[in-house]
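The structure under discussion appears below in the form of structure tokens.
The values are calculated or read from the model by the stated rules, or taken from the named source; none is laboratory data. All values derive from a computational prediction rather than experimental measurement. Neighbour counts run over all protein chains shown; Cβ positions are idealised from the backbone, glycine included. Heads up: the accessible areas ignore ligands, DNA and RNA and are worked out on the full protein's heavy atoms, side chains in. Shrake-Rupley method; radii C 1.70, N 1.55, O 1.52, S 1.80 Å.
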Amino acid sequence: MSAEDNTTMFENVKRICHDNRGCKGLEFATNVSDLVVEEVGDGNLNDVLRIVSPSFKGRNSAVAKRGPPYIKCLGPEYPLTINRNKVEYDALLKFDSIIPGCVPKPLCRAPDENIYFMEDLKDYELMRHLLIKGVNCEEAILKLAQNIVHIHKETQVSKLSQKEKQELAENFKNEEMVALTNKFVFTAPFVNGEPTNQCADNVRPLLPQIYDDPNVLQTAEKMRKLFLEKKECLLHGDLHTGSVMCTSDGKDPKMMDIEFAFVGPCAFDVGMFLANLIFTHYQHMSTQQDNDTHRQYAYGIVNLGKRFVKIYMEHMTCISGSIEHFMSEVTGFCGCELIRRTVGVAHVEDFKDSEFGEQEALGAGIRLLQAVDRIETVDKLMVIALMLA
């Protein structure tokens, strides 16, 4: 975006915030000329802005989220529905009604402007950044397991009335965002030569392990169909360590970036988050400086991943079929996420300074898709993914 475009957007956000100053949480926007706007975050899809009134006494800031009509990280040639802004705001309201405080407090939405305002978590950090730094996030990760399982239980389709089912399905149909996940998680990464795919030079020699293995490709297709067809509960839809914020000491998790929310298989949220803990594991395993300390942290992350899944399974009641079948689904979704984040369009920060991390993560993803029908516990998932003795 050009400087001129930024200026226009910032001025519009100030005006909209001021116009909605009657909403709880936006009372600070009494004087539009006093408002200061800055861009925060580096999301793949949306503009995220902080609005501050320096002279206002008390809570003097909020965050605005605006969805341009295209995929931000790819550009205008990749159009994307602006309805995702409404879906995300509705999901924030739904999540907050089930577990108050599990998401940033939604404040108000200006539908004509395609923008909504929410609580400013200015004293929080992305969980991914804390994990990269080696901060102990045990409390946040285990609390997140409790939160997401409660969201899933309270929106369990099999327990809803017919009217409630219809309302949930209609409010979170989210067809274009589901199609986006379908393409960039389950389809494009498994197509050799797909133009949006990108990978590091040292990962390229491993690509035949994906494209020349019918078992891997068939399992990815199986997970794609499961993602589209199985309707169990309301999902976050993009749950990873970069879509959760917590305090700098690794506590009080807040889920965010919920524009992918839809009704689908509960194993999807679990598998996606678990894959991102595996990224953290490999990032620290491949850190050369003070390697012993980083390796100890990496194995602690493995144990946290196991506990995350076990807490989820202890409290979940909407798993369709056996526990073993559920873990097979978690394994497949975890494997797809590991692969798409190493060869697809959207990579993770964890490996920015790691020479071999992406190679290791890709290998883990391939092994999981190869073994998906043989994994019935999270312990076995970790053994196979990480080749643990």
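Listed here are the helices (runs of 4 or more DSSP H) enclosed by region 103-171 that have at least 1 residues being open to solvent by less than 40 Å² (accessible area, probe 1.4 Å) and closer than 30 Å to LEU304 by Cα: 127-133, 138-154. Of all residues in region 16-53, those satisfying the criterion of being assigned to a helix (DSSP H, G or I), under 19 Å from TYR89 (Cβ atoms) and not aliphatic (A, V, I, L, M) are CYS17, ASP19. The single condition among (1) open to solvent by less than 40 Å² (accessible area, probe 1.4 Å); (2) in contact with a Cys (Cβ under 7 Å, 6 or more places away or on another chain) that ASN44 does not satisfy is (1).
Could you please find all residues in region 345-359 being within 19 Å of THR280 (Cβ to Cβ) and under 21 Å from the mean Cα position of the chain (by Cα)? Hits for region 345-359 are ALA346, HIS347, VAL348, GLU349, ASP350, PHE351, LYS352, GLY357, GLU358. Of all the numbered requirements in (1) farther than 30 Å from GLY25 by Cα; (2) out of contact with any Cys (no Cβ under 9 Å at 6 or more places or on another chain); (3) among the hydrophobic types (A, V, I, L, M, F, W, C), LEU131 misses one, and that requirement is (2). For region 175-259, the helices (runs of 4 or more DSSP H) that sit wholly inside it and include 1 or more residues that are open to solvent by 30 Å² or more (accessible area, probe 1.4 Å), modelled with pLDDT of 95 or more and closer than 27 Å to LYS165 by Cα are 175-181, 214-229. Among the residues making up region 60-100, those that are open to solvent by 60 Å² or more (accessible area, probe 1.4 Å), part of a loop (DSSP other than H, G, I, E, B) and without any contact (Cβ under 8 Å) to a residue 40 or more places away in the chain are PRO69, LYS72, ILE82, PRO100. For region 362-374, state whether one or more residues are over 19 Å from SER286 (Cβ atoms), in a loop (DSSP other than H, G, I, E, B) and over 17 Å from the mean Cα position of the chain (by Cα). Yes, region 362-374 contains at least one residue that is over 19 Å from SER286 (Cβ atoms), in a loop (DSSP other than H, G, I, E, B) and over 17 Å from the mean Cα position of the chain (by Cα). The residue of region 272-316 that is surrounded by the most Cβ atoms within 10 Å (Cβ to Cβ), among those that are in a loop (DSSP other than H, G, I, E, B) and out of contact with any Ser or Thr (no Cβ under 9 Å at 6 or more places or on another chain), is MET316. Test ASP379 against the criterion of being of a type in the set (Asp, Glu) and within 23 Å of ILE132 (Cα to Cα), and give yes or no. The answer is no for ASP379.
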